[in-house]
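The values are calculated or read from the model by the stated rules, or taken from the named source; none is laboratory data. Worth saying up front: this structure is predicted, and the values here are computed from it rather than measured. Here the Cβ positions follow ideal geometry from the backbone for every residue, glycine too, while neighbour counts run over all protein chains shown.
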Amino acid sequence: MCPDTTAGYINAGWCIVNDLRKEYCRKCGALLRPDEIAMTKKLINRGTTIYYCTDCLAEAFDVKCEDIEEKIIYYKRMGCTLFQ
Ligand SMILES: [Zn+2]
């Protein structure tokens, strides 16, 4: 058995599981939309595994909830790879 192939298979499997895994807001426990996960990555750190909902992001960055929603739309329009 080729070790490289095995590693590739495991990595691919992990990616699929990771994509389907449900994420919850670290602060209030709300079920997160993919957009909210992408926004947390954009605002905090691309590699973060701790995510927040729109409400908690707005509170943390001292902006309005609508501002976060607007930014999500903005980044989607820009074609940001995090928002797909
Ligand atoms: Zn929250």
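Here are a few things to note about the model shown:
- Of everything listed in (1) at pLDDT 95 or above; (2) surrounded by 10 or more Cβ atoms within 10 Å (Cβ to Cβ), the single unmet condition for Gly13 is (1).
- Test result for Ala7, at pLDDT 55 or above and at negative phi: no
- Residue, farthest from the chain's Cα centre (by Cα), within the range 25-58, restricted to residues that are farther than 16 Å from Thr81 by Cβ, surrounded by 13 or more Cβ atoms within 10 Å (Cβ to Cβ) and without any contact (Cβ under 8 Å) to a residue 12 or more places away in the chain: Ala58
- Matching residues in the range 67-84 - criterion: being away from the ligand (no atom under 16 Å from the Cβ) and either in a loop (DSSP other than H, G, I, E, B) or not hydrophobic (A, V, I, L, M, F, W, C) (or both): Glu70, Lys71, Tyr74, Tyr75, Lys76, Arg77, Gly79, Cys80, Thr81, Leu82, Phe83, Gln84
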